[in-house]
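Working notes for the structure below.
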Amino acid sequence: MTSSDLQPAVLAPPPARPTLASRVPPGGTQDPAEILSLFLQWLEDVGFEPYPAQEEALLALIEGQHVILSTPTGSGKSLVALGLHFKALCEGRRCYYTSPVKALASEKFFSLCEDLGAENVGMQTGDASINSKAPIICCTAEVLSNLALRLGDRVDAPYVVMDEFHYYADPERGVAWQVPLITLARTQFLLMSATLGDMRDIEAHLRRQTQRESVTISSDQRPVPLYYEYRETPLHETVDDLIQQGRTPAYIVCFTQREAAELAQSLTSVALSTREQRAAIREHIGDFHFDTPYGKTVRRMLDHGVGIHHAGLLPKYRLLVEQLSQRGLLKVICGTDTLGVGVNIPIRTVVFTRLCKFDGTETVILKVRDFKQIAGRAGRKGFDDKGWVVCQAPEHVIENKRRERRAKGGKRSKVHRKAPPRDRFIPWDQKTFESLVRRPPETLRSQFRMSNSMVLSLLQQDAERDDPDRPNFSSLREVIERSHETPARKRELLATAAAHVRSLYRTGVLGMTKDAKTEYRWIVVNEDLQFNFSLHQQLSLFLVETIERLDPVAPDYSLDVLTLAESVLE
């Protein structure tokens, strides 16, 4: 290995290429064969040859089928989605791209602006809206879900791309990935993830709901193969070894923001970068403003070639870390599993500091899906011919092996062994690691649940339909019946919905009117509320009740209302 092999790969921006927007015929076209031909010709002109799985998925989409695409990270799922966006543009129709996090929606927005033209692409993330009338909309999954609940099949969404679809099984947010499937009956879907597992049940639900053919396309072929290692050396030694072998940038995965920050801080005491590399980092940072109390700490980490990346970090610092990483200037990035959702940071090696995590209720061994999602970030297509996934043994195991070696060298008969952690810890070993590597992802399970926000949106939908032939709660009952839950679970959901209705009635959000002719009593949304009134935050109903307790003539009334509103925002 030469010294040049150990230098970071500086990722230069790609050369200018012809835009896909320029291939849309004047006046558009509805001919599927012409659309496919135009897209494939563009791929040829930019020097890209699609993989078999990509070709199969593109052909199915052009033919009007739903596509469930399960291929490894880096295998070009985004290119298939781009083909569906192009189809929408050619036909003069709208296509939604949904993601689990704002960072990914934003990243996709800028990427699509390059290929499809800024005038054709918009973004909606709940707290930001750009070019919202554009034919291609990048948004978080909850944005499309809320639209679907409010408008039902009246949503203008002929095409929908749902990225990172494995979030369907997320206990807290999975409902947002299910709602569009059960409410948008005229939509053609592209569901994508590297870790879907058995999708037969979901595919059957989708065909039944939309009366449209569906195809699942799976492949295990990775453009960059992965190699797996289990290490029983201290983490600092592991990092040093990776640097010496030219296996950086490395992403060191922690499962709390505090662990990530403490680890990044400790690595600043290790000589990770050369003087020249540190100078290149300072040059790129330039006059960037680290104008927050934690900013100075971030600056010190970056000066040593150490990045930090997690949801609790200010967006401008996360973006800076991503930019430095894309230029190959950082040796190590410490963070949580935020990179598992497709944020584009080029990584050569992923290092797991542990294989257990606290899931909000209890400490558990990582699911196969979570492990593969994070591990799949290793290996950079176009820059690496291989990637590595390294798992550290538990710290107490590493320390005990060190003590055993010292005792053996000093001919001691007894070794004082370090005990495992007492809190939030489940032991793992090399067999655990190998099992996660070998096993397929778990089957996705429905996580449908009711909330005040959902009940309100469905009642608003009924009010806007204003159909006397539809009784109270028609939309609500239909959504529950179409959900992917068991009959017993659907009965529970109906009971939960009834409880939410009573709560909303007590707070005055809902009211009751009586039909003068039939004496039928209608449950309606309070007419004094604005048209777009919503309860999307979990503590929204608390806010509604608390504001009524404030004195509206008090001098600080406005500030109190503002403070309460900000306090319930996530």
Fill in the blank from the handout: Pairs returned, first residue in region 462-490 that is small (Gly, Ala, Ser), second residue that is in a loop (DSSP other than H, G, I, E, B), beta-carbon separation under 9 angstrom, 6 or more apart or interchain, are 474/467; 483/446; 483/448
Handout entry: Flag for residue 406 being within 33 Å of the chain's Cα centre (by Cα), more than 30 Å from residue 155 (Cα to Cα) and free of Cβ contacts under 8 Å to residues at least 12 places away in the same chain
Key = no
Practice task
Would you tally the residues in region 264-278 being within 32 Å of the chain's Cα centre (by Cα), in a loop (DSSP other than H, G, I, E, B) and of a type in the set (S, T, N, Q)?
Solution key: 2
Handout entry: The lone exception for residue 449 - which of (1) farther than 23 Å from residue 178 by Cα; (2) in a loop (DSSP other than H, G, I, E, B); (3) modelled with pLDDT of 90 or more; (4) not acidic (Asp, Glu) it fails
Key = (1)
Handout entry: Filter result for residue 311 (part of a helix (DSSP H, G or I) and surrounded by fewer than 15 Cβ atoms within 10 Å (Cβ to Cβ))
Key = no
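Do we find that residue 345 is modelled with pLDDT under 90, touching a Ser or Thr at 6+ places or on another chain (Cβ under 8 Å) and either open to solvent by 10 Å² or more (accessible area, probe 1.4 Å) or assigned to a loop (DSSP other than H, G, I, E, B) (or both) in this structure?
Taking the combined requirement at face value, the residue satisfies it.
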Practice task
Go over the candidates 207, 186, 282 one by one and state the one that is in contact (Cβ under 8 Å) with a residue 12 or more places away in the chain, closer than 21 Å to residue 166 by Cα and open to solvent by 10 Å² or more (accessible area, probe 1.4 Å).
Solution key: 207
Exercise for the section: Go through region 25-56 residue by residue and tally those that are farther than 25 Å from residue 70 by Cβ, of a type outside the set (Gly, Ala, Ser) and open to solvent by 40 Å² or more (accessible area, probe 1.4 Å). Expected result: 9
Handout entry: Of all residues making up region 210-226, the number that are closer than 30 Å to residue 387 by Cα, open to solvent by 50 Å² or more (accessible area, probe 1.4 Å) and either modelled with pLDDT of 95 or more or among the polar types (S, T, N, Q) (or both)
Key = 3
Practice task
Could you tell me whether region 383-391 includes any residue that is assigned to a loop (DSSP other than H, G, I, E, B), in contact with a helix residue (DSSP H, G or I) (Cβ under 6 Å, 6 or more places away or on another chain) and touching a residue at least 24 places away in the same chain (Cβ under 8 Å)?
Solution key: no
Problem - Given (1) small (Gly, Ala, Ser); (2) assigned to a helix (DSSP H, G or I); (3) open to solvent by 30 Å² or more (accessible area, probe 1.4 Å), number of the condition residue 325 does not satisfy - result: (3)
Completion exercise
Checked region 477-497 for anything of a type in the set (A, V, I, L, M, F, W, C), open to solvent by 10 Å² or more (accessible area, probe 1.4 Å) and either touching an Asp or Glu at 6+ places or on another chain (Cβ under 7 Å) or under 20 Å from residue 209 (Cβ atoms) (or both); matches are 494
Handout entry: Hits in region 515-547 - residues which are loosely packed, with under 10 Cβ neighbours inside 10 Å and more than 34 Å from the chain's Cα centre (by Cα)
Key = 516, 517, 518, 519, 527, 528
Practice task
Mind counting the residues in region 160-171 that are more than 13 Å from the chain's Cα centre (by Cα) and either free of Cβ contacts under 8 Å to residues at least 60 places away in the same chain or open to solvent by 10 Å² or more (accessible area, probe 1.4 Å) (or both)?
Solution key: 1
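Conditions (1) outside any helix (DSSP H, G or I); (2) closer than 27 Å to residue 568 by Cα; (3) of a type in the set (Val, Ile, Thr); (4) at pLDDT below 95, marked per residue:
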position	(1), (2), (3), (4)
435	no, no, no, no
442	yes, no, no, yes
458	no, yes, no, yes
463	no, no, no, yes
469	yes, no, no, yes
472	yes, no, no, yes
Completion exercise
When region 76-103 is checked residue by residue, the ones that are in a loop (DSSP other than H, G, I, E, B) and open to solvent by less than 10 Å² (accessible area, probe 1.4 Å) are 100
Practice task
Might you let me know whether region 550-557 holds any residue that is surrounded by fewer than 16 Cβ atoms within 10 Å (Cβ to Cβ) and part of a helix (DSSP H, G or I)?
Solution key: yes
Exercise for the section: Could you grab me the full set of residues in region 196-240 that are assigned to a loop (DSSP other than H, G, I, E, B), charged (D, E, K, R) and under 30 Å from residue 393 (Cα atoms)? Expected result: 220, 222, 232
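Could you tell me which residue of region 241-257 is nearest to residue 70 (Cα to Cα), considering only residues that are among the aliphatic types (A, V, I, L, M) and either part of a strand (DSSP E or B) or out of contact with any strand residue (DSSP E or B) (no Cβ under 9 Å at 6 or more places or on another chain) (or both)?
By that ranking, first place goes to 253.
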Exercise for the section: Go through region 521-554 and count every residue that is in contact with a strand residue (DSSP E or B) (Cβ under 6 Å, 6 or more places away or on another chain) and of a type in the set (Phe, Trp, Tyr). Expected result: 1
Fill in the blank from the handout: Taking first residues from region 413-432 that are open to solvent by less than 70 Å² (accessible area, probe 1.4 Å) and second residues anywhere that are of a type in the set (Lys, Arg), the pairs with Cβ under 7 Å that are 6 or more apart or on different chains are 415/403
Handout entry: Where residue 106 falls short, out of the listed (1) at pLDDT 95 or above; (2) under 25 Å from the mean Cα position of the chain (by Cα)
Key = (1)
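The values are calculated or read from the model by the stated rules, or taken from the named source; none is laboratory data. Since we're looking at a predicted model, the values are computed, not measured. Here Cβ is always computed from backbone atoms with ideal geometry, including for glycine, and neighbour counts include all displayed protein chains. In case anyone asks, the SASA skips ligands and DNA or RNA and just uses the protein heavy atoms, side chains included. Shrake-Rupley method; radii C 1.70, N 1.55, O 1.52, S 1.80 Å.
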